[in-house]
Structures are given as structure tokens and as C-alpha cells.
4 protein chains.
Amino acid sequence: MADRPALRPLYDERRAGPVSEALTLRQRVFAHIDPAARNIEGLSFFNKIVVLVVLGASLAAILQTEPALARAYGRDFFWIEISAGTFFAVEYVLRLWTAPDHFPDMTAARARIKFATSPLGLLDLLIIVSIFSPMIFEEAAILRVLRVMRILALARLTRFSLALRYLISAVHERRYDLLITLGFAGFLMLFGATSLYWLEGEIQPDAFGSIPRALWWAVITLTTVGYGDVSPVTPEGKMVAGAVALAGIALVALPTGILAAAFSDGMQRRREELKSQSEPDA
Amino acid sequence: MADRPALRPLYDERRAGPVSEALTLRQRVFAHIDPAARNIEGLSFFNKIVVLVVLGASLAAILQTEPALARAYGRDFFWIEISAGTFFAVEYVLRLWTAPDHFPDMTAARARIKFATSPLGLLDLLIIVSIFSPMIFEEAAILRVLRVMRILALARLTRFSLALRYLISAVHERRYDLLITLGFAGFLMLFGATSLYWLEGEIQPDAFGSIPRALWWAVITLTTVGYGDVSPVTPEGKMVAGAVALAGIALVALPTGILAAAFSDGMQRRREELKSQSEPDA
Amino acid sequence: MADRPALRPLYDERRAGPVSEALTLRQRVFAHIDPAARNIEGLSFFNKIVVLVVLGASLAAILQTEPALARAYGRDFFWIEISAGTFFAVEYVLRLWTAPDHFPDMTAARARIKFATSPLGLLDLLIIVSIFSPMIFEEAAILRVLRVMRILALARLTRFSLALRYLISAVHERRYDLLITLGFAGFLMLFGATSLYWLEGEIQPDAFGSIPRALWWAVITLTTVGYGDVSPVTPEGKMVAGAVALAGIALVALPTGILAAAFSDGMQRRREELKSQSEPDA
Amino acid sequence: MADRPALRPLYDERRAGPVSEALTLRQRVFAHIDPAARNIEGLSFFNKIVVLVVLGASLAAILQTEPALARAYGRDFFWIEISAGTFFAVEYVLRLWTAPDHFPDMTAARARIKFATSPLGLLDLLIIVSIFSPMIFEEAAILRVLRVMRILALARLTRFSLALRYLISAVHERRYDLLITLGFAGFLMLFGATSLYWLEGEIQPDAFGSIPRALWWAVITLTTVGYGDVSPVTPEGKMVAGAVALAGIALVALPTGILAAAFSDGMQRRREELKSQSEPDA
């Protein structure tokens, strides 16, 4: 859906109402549930509720994985899930019903099939199924999968982020720069890992006994996380590790700078487009 | 108080004296104790003393929590606190007395009530009470609360930071950008935590036995702090953790860039306003 | 080879074919194997294959150092290496054959000698030798060296990175700034190491018993890696370490900023040159 | 000495010789030993030698603190030090002799006293004394102090860094911004330390039993070093620590940004001044 930039807004924020009184019920519902149907930054009241329910249901799914909480508040979690599932089901039906307003140049049936088979449409359905299916299945392994799947509900929020589209295109333009800096970082990692495999592979076989093992140390050092579960012990190893750590802060910082610039560009473009939409005749 | 940008300065720095000789005693006192009564960067002599007393009293309150120091220098800490408390009490009375000059369009009584019920006015009173009440109460639990409360005195310094107002408004303008980057960082954290709950939840139940537990690992890894109290041990876990650490340095750096730009904007605006105030006729 | 910016492209991307039909077979081969023979960003189909084979052969060499994988997939690794080695040998012969097109102002023999004695030409030969020689030698020590040498194949990728040249010159221009910030960082490291040698040298002789030993701590702290294998234990040591850590984040960040700016400059210049090449008559 | 920007160069780089043939011997020596006597970036041959001797002597002093190296190469270290000391003594005498050329508007005696009592002049003398005095004193404690003092020789290099002056003035201009961000970072540190003293002071008295102790944890966490020697263990402590770590990456990054901008400004000004010096008539 994110690929349709020029959807004509049906809801006029400046008049705090629909753009025209001659709208059908479906169009009025559509104006409230589709984020692209409004011409200003921000969400409709209905979509604010959707965001809150998604966040609440995800939080419940997260907390439920903690055995102590699951035992103590099992009933509450159950009702929170059933309520959220019902809400999502109603929302899904409404989105399916109003799909023809989102794709005005299609027949109603084709528009609904297009929504139902879109990634976000399939995700919506999957989450509803994952919430209600534990009532049918009782195997622990399946329940475990279903439980984690419910956290996917958070991905539904991407529907509301029109900014995402601009970000992705801004990152895409700089993909070549990013690739080069990532290539440098990769070379440095491999250089560090190979050096320590060479220097300490026989002293600390668990940590540096092979290059793939030494790469764990290299990644954790170059990102400056530094757990300390593995670190060199010989003077030569420490010298190489120190040089890698020093070189790393510079090399790892480069992709950050590129991404930050891409993000700033993406947000800027988004603001300009929003402005040009809200001043159509200027 | 920070919401009154256009208070007319009573003290003229260029003449190193009050703007007019026809000032009452209260106005002269006010010109020395209210940071907004001066038209240049920097603090009056009286307020410099206030800052030093606040810093000294807070340092004493901090050091006093160390049992060894509390035993050795108990008497000194006691006298430092009593002196600071007396100073704060006198300062509070002066601010209450001169409140009508801060709110010139109110009656004297209303202005004083407004100051006494403002957040900073209440904080001033609370700190004075917390310093003198240990003489009355003797229960350990209450004393402990009072002791920490005295460190709040540091928050009194915000009174002198006119820059704060500009910073808050600059951050507010970019709140949408910040929210999006924080949302990305949150997604990444949750992704990492869920993955390691999935991969190592049964091997290291203390560290990754539930998503809330795994989130501690995810936060400490994505911020690149990396205590090393919990870290993955399986090859799969290490692969996911390495990818999360790499992605994290980029994603966590984005809010930093936005905040830095907001800070720079805020300082710029502050300088421009200070300049336009000191050149009123240009 | 990177020192020849103005090589005339033989392959015209816009026509998806050679610039002229009157090319010899050698020129046509050259247009496919030499990255400098094309006037647009990106690689020819043949060179994309080369990149994939290099990455695959390196990955195999890396994984092979893990004993478990070497035992389980020994035969597969053997065949991957033989295939990659054969491919590299054919590629080497082709590059040697077409060298006269790369250096059009030399005789064919001199051009081939120049290629064979260039760093990248020697590297190509070295890698081919390191792949096939294990069939002759059987001593473990030599095999170990040969195995690591095969990872050098990755360095062959630098042939395709025309961007590298611009980066190096951009860094070179700022070498003076970089040197000064590195000097500051070095001073700070030495100051931290000397302080902790002084303060904790006798308490923790293994960690701080000499300045070279304390430098390991200083590097790992200033880069914010912080393994935690050595850290101060006395209040004085912690005070100095805290001050060094705080000062360090600022000082270590400076070279990062300079490098990021140099990288951005280098990429910019590269883009401009590519643009001026593809619009020769504008 | 750094406070004299407009010293007239005596040595003309473009002519690769003195600006005039009518120079006295002292002026010719001065043109070689005083970094400010040249109108281009870079050092004279004599000063390059000085830098190398300083670096060599410091390296020897550092390595000598390692007992194993001191035993094995004691004689070599001894001769390196004596040679460096002799070189420094000759250099000191030359600088003293040519001081009148550095301060041309003073009498010769006053200029030499000014040099001898300047910080760098005193440092030069101190280092020479620290190198030769071990021949007189034999107490271990004094020798230890003298050994560390020799590392101070590195500070002699600041003489050659004309860039330092510009950097200091650029930082000075932004001191107010820096102070505010450092104030924020300080608040955050104190907030974290107080919270964990409150939450885990009784569970981990060694780590969080007082606010000064908890500040060690706060500094190491906010700088993202994260040794892991102390970290929270309760869910509440972990929640506060996670929030502090997240807030910290933003707040600690602000001074970095300001310093980077100040550094960039300082280097820019330096380049402009060098340019205007080398093009005096343009």
C-alpha cells in the first residue's frame, strides 16, 4: 500500500470533517481507518486506538513469556488477548470492506483480494489466527510458536508510518556508500579474527581456535560492546586487539554517519511532500 | 517561571548598575536574585553564591551516604547542612518577598502565592524542610528518604538555566523524528530479545528464559555498554547477537544525531535572542 | 593500476555493447574483464562472477579453519578450492593476455611484465599457488600458512573498488588533522596508563605493573570496549579511570568525525568524475 | 610563547633559505630551532630530529617500567637516556642563546630569563635534571618518581603544535555549550547513581552501598565502557540501568559533537592564517 503516494484525501483536517458531505458510509469509515486518507501528519482517533491496542497486546505477549507473571496473571493475559483479538478481527473486516476506496480504480472484489493478499493484510490475518488458535491446539511446541508470533503484531504499526517509505528510498540512494564502508568493516573484522586465530588459536582454542570462533570476538570488539567473555592474553594478541579496537571506532562510525544523513534526507523530503499536499493551490 | 520570555530587565550590565536610580529596595534586591532580571548572559554575584552553596550542599549530601565518610566527618557534614539550610531559607524568603516584581501585573499577595505554588517554589520549600526535619524525626527509614531528597537541591540550578527553555522547544520540534528512531531502536531490541529467548531460552534460563529477561541483554548490547554478565553461548545465538550489535550501532546513533542538531539549534536561538535584547535600538 | 584515471572505455553501457564493432577478440575480452574499461558504475557480468567466486573461496577458507566443519565437509571444501583455483588461473591468464589493452602505450611484452609484477598481479599468482601447493607439500606448518594465505583472496576485490583511490586521497588531505587528534588520543592514553601504573601498579601488578601493561587497559577503556578483564579497584584509581573514560569519548570521537568527512568528500568526487565521464560532450 | 602570533619569519621556505643573507649566526640558528620562525606548515630538519629524540626517549622510559625489559635491556636503556639527555641539554642551551630573537623587543638578558621561567623552559630543564639525577640519588622511591617524570618529555612536543592555540580558543568560545551538556551528563550520572544506591544499596553494598560508590558504575555505564565489574541484579535496578544507558548515549554524545565542531573551526582558522602569512602581498 505504501506505493501509492497520491491517494486523494477524503477527510479535511482544516474543516475537521469529510471533504464533502456527499460521502457514503463506507467512504466515511474509510476516512477514519486508512492512514493515507488524511492530508496531515498524525493519526485519526480510530487509528490512535489501533496503535494503543497493538502496543497493549504486544506488551501482554512479551510479559507472558516470564513464567512468574504467566502464573500470577494468567487469567488477565487471557482476557487481554481475547479482547485484542476480537478488536483486530473487527478492524480486519472493516479494512477488507473499505478496500475498494483504497484502490478506487479496481472493482470491489479485486480490491478486497488485493488487500487480503498484501503483506500487511496477510500479517493481520496471521495475528488473528495466532490469537484464537491456542483454543484449538494444545501441544506445547505449537503454543510456543504462536506466543512469539503474537509479538509480530507490532509490525502492524508499520502501516501507520508513511515516513518509512521516504527512509527506505533515502537509504537506497546511498546503498553504494554503505556497501563500501560495510566492506571496510568486514575486512577489518576478518583481519582481526585471522590475526588472533594465528596468535592465540593454540593458547585459547575455545575463543580463537578457528576463524569463525575468532569472528565472535572481532564483532563484539569492533562494535565496542566488549562483553569480556573472550579477550586476548598474550602481549602480541593484545597489541593486535588494541590496534583493531582503535581502527574499529573509526570504521564502524562511517556507516552510522551515512545512515544519519540518509535519515535526515528522508525526513526532510517527507516534510516537503506533506507541506505541498496541504497547500495544493499555492 | 521559565514561560515569561519578555521580562523587562531592571539591571543594566553596561552601566554595571540598576537601569534607573528611582528603584525601591525590593526592586534592587529583585535585580540581584532573579536571573531573568538581567539582560546579559551570566549570573549576578548573589546567584553565583547560590550556585556554589547548592553544589556544596549536594556534594556533602552525596559524600554523606558513604558510611566511612559519614563516621569520620559527621560533625562537619552536620554544620555544612545547617548552614546551607539557613542560607536556602533566607533565599526563599527573599524570593517570596520580591515575587511581585517577577509578576508585575498581579497583586502582591497573588504573586507570592503563585511563586510558593510553582514547581521551583515547592522544591525550594521541600529542600529546606528535608534539611531541618532530621532534628525532629529519628526513624532510620525517614532519615534515609530525607537524605536522598537533599540531593534534589541540584534541581534548583535549573532556575538559572535560561538555555533549558530553548532546548526543550528545539527537542519538541523534532519529537516526531526522535519517536521514529526510538521506534526503530525498540523494534531492534525486541527482535534481539525475542531471537535469543527463542535460541537460548532453555540453555541459559536465567539470562534468556523470558523476553523481559532477554531485553536486559538487548539494551546493554545495543547501547554498546556490554557488561558481559549475560551473553550468548551457542553459535546461532552468537550470530544473531553479532548482527544485532552491528545493526544497533547504526540505529542507536540516529537519535543522538537528531538530539545534537536540536541542541545546536536551541543554543543558536538563545544567542540570537540575547543579542537582540542587548541591542534593543539597532 | 588504480593510478590510471583516464583509460578510454571500450564498452558503451548505453548501447549495451562495445563502443565500436571493429574491435579485436582481445579487446572484447578486455572490455569484459577490466573494471576500468567501462564508463559506468557497476561491474560487468564476468566481474560479478569473479566477485562471487572470490567471496565463496574466502568463505570456504574461513569455515575450513573450524575443525568440526573441516572433518565433516572436507571433500566439499577440497572441490570448492580446486574449482576456485582453476577459475582464478584462467582469469589470471586472461588478464595477462589482455594487459596490452590496459597499457596501450607499451609493447605487448612490457605490458604483460608490468601486470605480472604489479602488486595485484603478484597477489593473483600467490593465491593460485597457495591453492594448488598443498597437493605437493604435506608438512602441517606449511599447510597452516597456506590456509590463511587463501583468505588473502579477498584483497583481490580491491581491484574492483575504483572508489578506494578517491578515499585515500581524501584521507591524505586531512592527514594533518588526523595526526593531531591521534596525538591527543595518544597523550590521553599514556596519561591514563601512567596514572594507573602509579596508583595501582603495586596492588594489581599483572594489570598495571608497568606502563606497557597499563596501556592495554587504557586502549580498551578509551575505545569504550571495556572487556572488564582489568579495571581499577582503589577509589583513586576509579576516579582517574572515570575521568579518562569521560575525556576519552570526546577525544576518540574526533578522528571519527574527520574520517567521516574525508569519506564523504571522497565519494562526492568519485560521483562527479563518473558523471563527467558519462557526459563527455555536455 | 604561544601568545605571539605575528612573529616575523626569518626563514623563507620558497627560497629554501634565510629571508636575507645579512643574518647573524644566532639568527640562522634561531631560524632552525624555533617553530614560529618559519612561514609554512611543517618543521625544520633540526626540529624533526627533536621530535624523533623526544618520541624515542619517551618510548624508552615507557618500556623501562616493564621489569622483564628493564632487566634484559638495562644497558641499552641507560645509553639511550644519556644520549637523549645530552641532546636535550644542547638544545636547551641553544634555545636559551637564541631567546633574544624570539622576543626581539626585549634586552638579551630579559629575553633569556623569560624563556627560562616560561612553562616550556622550566619543563625542558626539569626533564634534563630528571635524566641525569639518577646518577646522584639511589633511593628507589625517588628513582620511581624520576622515571615517570621522564615521560613528561612528550609534553615538550606541544612546542611544535601551533594548532593547539587555535584549538584552545575554539573550545573557549563554546565553553558555555560544553558546560551545559556536561551539566546534563552530570545530572544523569547522579540520577543513575542515586537510583541504584536506593534500589540495590542493601543487596550489593560493595557496588552500590553509597552514592560515591554507585557513581563509579554510573560513569562506566554512561561512557558505554561497561567493564561489568558492577552491574544491577534486581529487575528494578536493571530497568533503571537500561533507561540510564539509553539516555546516556544521547547525552554523552552532545559534548562530542560540540568538541568536534570546535576542532573543525580551530583547524580552519589555522589554515586561513597560514595562507594569509604565505601570501603577504596578495
Tell me which of these residue A:139 doesn't satisfy, since it passes every other one: (1) in the same structural domain as residue A:254 (by TED's automatic domain parsing); (2) charged (D, E, K, R); (3) over 29 Å from residue A:249 (Cβ atoms).
(1)
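Could you pull out the residue among C:218, C:253, C:241 that is at pLDDT 80 or above and within 15 Å of residue C:184 (Cβ to Cβ)?
One residue alone meets the criteria, C:218.
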Report yes if residue C:241 is open to solvent by 10 Å² or more (accessible area, probe 1.4 Å) and not in a loop (DSSP other than H, G, I, E, B), otherwise no.
no
Can we say residue C:183 is under 30 Å from the mean Cα position of the chain (by Cα), of a type in the set (Gly, Ala, Ser) and open to solvent by less than 50 Å² (accessible area, probe 1.4 Å)?
yes
Going through the stretch D:83-123 in order, the residues found to be at pLDDT below 90 and charged (D, E, K, R) are D:101, D:105
Might you let me know whether the stretch C:227-237 holds any residue that is among the acidic types (Asp, Glu), open to solvent by 10 Å² or more (accessible area, probe 1.4 Å) and closer than 29 Å to residue A:230 by Cβ?
yes
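Among the helices (runs of 4 or more DSSP H) lying completely within the stretch A:25-110, list those that include at least 2 residues that are open to solvent by less than 40 Å² (accessible area, probe 1.4 Å) and assigned by TED's automatic domain parsing to the domain that holds residue A:129.
Per the criteria, A:25-33, A:45-64, A:74-102.
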Selection from the stretch B:114-151 of residues that are of a type in the set (Phe, Trp, Tyr), open to solvent by 30 Å² or more (accessible area, probe 1.4 Å) and part of a helix (DSSP H, G or I)
B:132
Exactly one of C:246, C:215, C:251 is open to solvent by 30 Å² or more (accessible area, probe 1.4 Å) and without any contact (Cβ under 8 Å) to a residue 12 or more places away in the chain, and that residue is C:246
In the set A:199, A:178, which member is of a type in the set (A, V, I, L, M), assigned to a helix (DSSP H, G or I), touching a residue at least 12 places away in the same chain (Cβ under 8 Å) and closer than 20 Å to residue C:149 by Cβ?
A:199
Hey, can you tell me all the residues within the stretch C:220-256 that are facing chain D (nearest Cβ under 9 Å), of a type in the set (A, V, I, L, M, F, W, C) and closer than 17 Å to residue D:212 by Cα?
C:233, C:239, C:241, C:243, C:245, C:246
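Residue B:265 - would you say it is open to solvent by less than 50 Å² (accessible area, probe 1.4 Å), out of contact with any Asp or Glu (no Cβ under 6 Å at 6 or more places or on another chain) and over 28 Å from residue A:220 (Cβ atoms)?
So residue B:265 fails the test.
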For the stretch A:201-219: of the residues being within 14 Å of chain B (Cβ to nearest Cβ) and among the charged types (D, E, K, R), which is farthest from residue D:68 (Cα to Cα)?
A:213
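Does residue B:184 satisfy being at pLDDT below 90 and assigned by TED's automatic domain parsing to the domain that holds residue B:250?
yes
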Give D:197, D:176 a once-over and let me know the one that is at the interface with another protein chain (Cβ under 8 Å from one of its Cβ atoms), open to solvent by 30 Å² or more (accessible area, probe 1.4 Å) and of a type outside the set (Asp, Glu).
D:176
When you go through (1) of a type in the set (Gly, Ala, Ser); (2) on the phi > 0 side of the Ramachandran plot; (3) out of contact with any Gly (no Cβ under 6 Å at 6 or more places or on another chain) one by one for residue C:226, which number turns out not to apply?
(3)
Yes or no: the stretch D:152-173 includes at least one residue that is outside any helix (DSSP H, G or I), of a type in the set (A, V, I, L, M), open to solvent by 20 Å² or more (accessible area, probe 1.4 Å) and at pLDDT below 80.
yes
Whether any residue in the stretch B:192-200 is within 30 Å of the chain's Cα centre (by Cα), over 16 Å from residue A:64 (Cα atoms) and modelled with pLDDT of 90 or more is what I want to check.
no
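The values are calculated or read from the model by the stated rules, or taken from the named source; none is laboratory data. None of the values given here were measured: they were computed from a predicted structure. When we count neighbours, we look across all protein chains shown, and the Cβ atoms used for this are built from the backbone with ideal geometry, even at glycine. These area figures cover heavy atoms from the full protein model, side chains too; ligands, DNA and RNA do not enter into them. Shrake-Rupley method; radii C 1.70, N 1.55, O 1.52, S 1.80 Å.
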